[in-house]
């Protein structure tokens, strides 16, 4: 049970500190709600489907979009709203810690893209997207390792399997987001 | 590309059953308790009791049993992998061997235990989402997280955003369909192809969809502010969540299970 507890507490700490939501205007809160709706909708448009159940979809695009436009605070929050909703709608529960890592935290990770929000230039958007997806990947990989630690026999290398599996569907979704985001950020007016 | 035919958000089945009528907060809390308890169960009798309890839940929820079981196929691959890995890799008293494959008595036991735990965990969560509407779930989550508001956790704001999201999925879906048809009339091609092709073909859908989403956000925010929305403090509700004796019975049933598990 202790595997991954530290990063999970760390993340939750970050979220609570950064999310001074009361100071946020109504418009920002509503934008988060509606873009999460868009992410839920786009999560149903599958780009690729893996045999083990992983799917590459467009769900990350609205989440990263909002993070890159409004900054990390909004980015973390949008992940914190999207993750639990995704769990409510399509739950895959294997371990209490896996649920926390795979849903709220993984999507919060995407919000880190917002650290590059104030910087102009295509490379900043690409760097933000990469950082966000990388953090999401780390959360899923850690969750996979937790799953292995809890259910698989000793002596296996959980990190290798977990990272290969998660990369198999996150890499295509990442490439698509990398291609679409700069274009969307340019075309969709503020 | 008829999106609404492909898309089915959520699993909730609205039926009139005892489980459906329970308070969402109570259901969330009980599912949390059950998913922790299963990690302490390591005997056949205990697992049997847990599954009997789950079966009772499914029967009481009036959800067709086969529908419930079919929902389990999402994790079939994981359960199978877990079972096989444990079956062949756990060392112990050998009961069967062929070439390099050996199965031990301990392997069989652990394999059964681990896959049962997985199925039970997935089963109880499915039962929760099948019998509770997403809106009730977000409402319930807000109340369950209420104690955290004392340390500044924005439970109300999160629940508000989740409710907005759930409310706008069908609206955006209709919008997406309209845009798709309009763009197809202009000659856009949404036919499936490779990954790059697919991503490229989605641009004419995504740009107008994003623009329209931001328009809607703007309108909704103005409407809320015009009605003096100021966050969660002192806000009253149209529908209050109420617990009654049925919820008490549910809590007692789970407590009964915990006590029985201590005995066996």
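The values are calculated or read from the model by the stated rules, or taken from the named source; none is laboratory data. Every value quoted in this text rests on a predicted model; they were computed, and no experiment measured them. Here the Cβ is made from the backbone with ideal geometry for all residues, glycine too, and neighbour counts use every protein chain on show.
Considering each of B:152, B:107, B:92, B:123 in turn, give the residue that is touching a helix residue (DSSP H, G or I) at 6+ places or on another chain (Cβ under 7 Å), closer than 22 Å to residue B:34 by Cβ and within 11 Å of another protein chain (Cβ to nearest Cβ). Can you show your working first?
Values: B:152 fails: closer than 22 Å to residue B:34 by Cβ; B:107 fails: closer than 22 Å to residue B:34 by Cβ; B:92 fails: closer than 22 Å to residue B:34 by Cβ.
Residue meeting the stated conditions: B:123.
Residues in region B:194-209 that are crowded, with 19+ Cβ neighbours inside 10 Å, without any contact (Cβ under 8 Å) to a residue 12 or more places away in the chain and more than 8 Å from chain A (Cβ to nearest Cβ): how many?
Qualifying residue count, region B:194-209: 0.
Which is surrounded by 14 or more Cβ atoms within 10 Å (Cβ to Cβ) and either at pLDDT 85 or above or more than 28 Å from residue A:143 (Cβ to Cβ) (or both), of B:69, B:41, B:90?
Working: B:69 fails: surrounded by 14 or more Cβ atoms within 10 Å (Cβ to Cβ); B:90 fails: either at pLDDT 85 or above or more than 28 Å from residue A:143 (Cβ to Cβ) (or both).
Only one candidate passes the filter, namely B:41.
Going through region A:78-108 one residue at a time, which ones are touching a residue at least 60 places away in the same chain (Cβ under 8 Å) and farther than 26 Å from residue B:71 by Cβ?
A:80, A:108
Answer with yes or no whether residue B:29 is outside any loop (DSSP other than H, G, I, E, B) and modelled with pLDDT of 95 or more.
No.
Does residue A:71 fit the bill of being touching a residue at least 24 places away in the same chain (Cβ under 8 Å) and surrounded by 24 or more Cβ atoms within 10 Å (Cβ to Cβ)? Talk me through it step by step, then tell me what you get.
Numbers: touching a residue at least 24 places away in the same chain (Cβ under 8 Å): yes; surrounded by 24 or more Cβ atoms within 10 Å (Cβ to Cβ): no.
Spelling it out, it is not the case that residue A:71 is touching a residue at least 24 places away in the same chain (Cβ under 8 Å) and surrounded by 24 or more Cβ atoms within 10 Å (Cβ to Cβ).
If you take the residues of region A:77-129 that are more than 12 Å from chain B (Cβ to nearest Cβ) and within 19 Å of residue B:134 (Cβ to Cβ), which of them is nearest to the chain's Cα centre (by Cα)?
A:107
A quick yes/no check of all residues on (1) at pLDDT 85 or above; (2) on the phi < 0 side of the Ramachandran plot; (3) assigned to a helix (DSSP H, G or I):
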{"residue": "B:139", "(1), (2), (3)": "yes, yes, yes"}
{"residue": "B:148", "(1), (2), (3)": "no, yes, yes"}
{"residue": "B:153", "(1), (2), (3)": "no, yes, no"}
{"residue": "B:158", "(1), (2), (3)": "yes, yes, yes"}
{"residue": "B:163", "(1), (2), (3)": "yes, yes, yes"}
{"residue": "B:166", "(1), (2), (3)": "yes, yes, yes"}
{"residue": "B:170", "(1), (2), (3)": "yes, yes, yes"}
{"residue": "B:173", "(1), (2), (3)": "yes, yes, yes"}
{"residue": "B:178", "(1), (2), (3)": "yes, yes, yes"}
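I'm trying to understand the selection: among the residues of region A:64-76, which are at negative phi and more than 8 Å from chain B (Cβ to nearest Cβ)? Lay out the reasoning, then the answer.
From region A:64-76, those at negative phi are A:64-70, A:72-76; that's our starting set.
Within region A:64-76, A:64, A:66, A:67, A:68, A:69, A:70, A:72, A:73, A:74, A:75, A:76 qualify.
For residue B:101, are the conditions met, namely being within 30 Å of residue B:215 (Cβ to Cβ) and either within 8 Å of chain A (Cβ to nearest Cβ) or at pLDDT below 90 (or both)?
Details: within 30 Å of residue B:215 (Cβ to Cβ): no; either within 8 Å of chain A (Cβ to nearest Cβ) or at pLDDT below 90 (or both): yes.
So residue B:101 fails the test.
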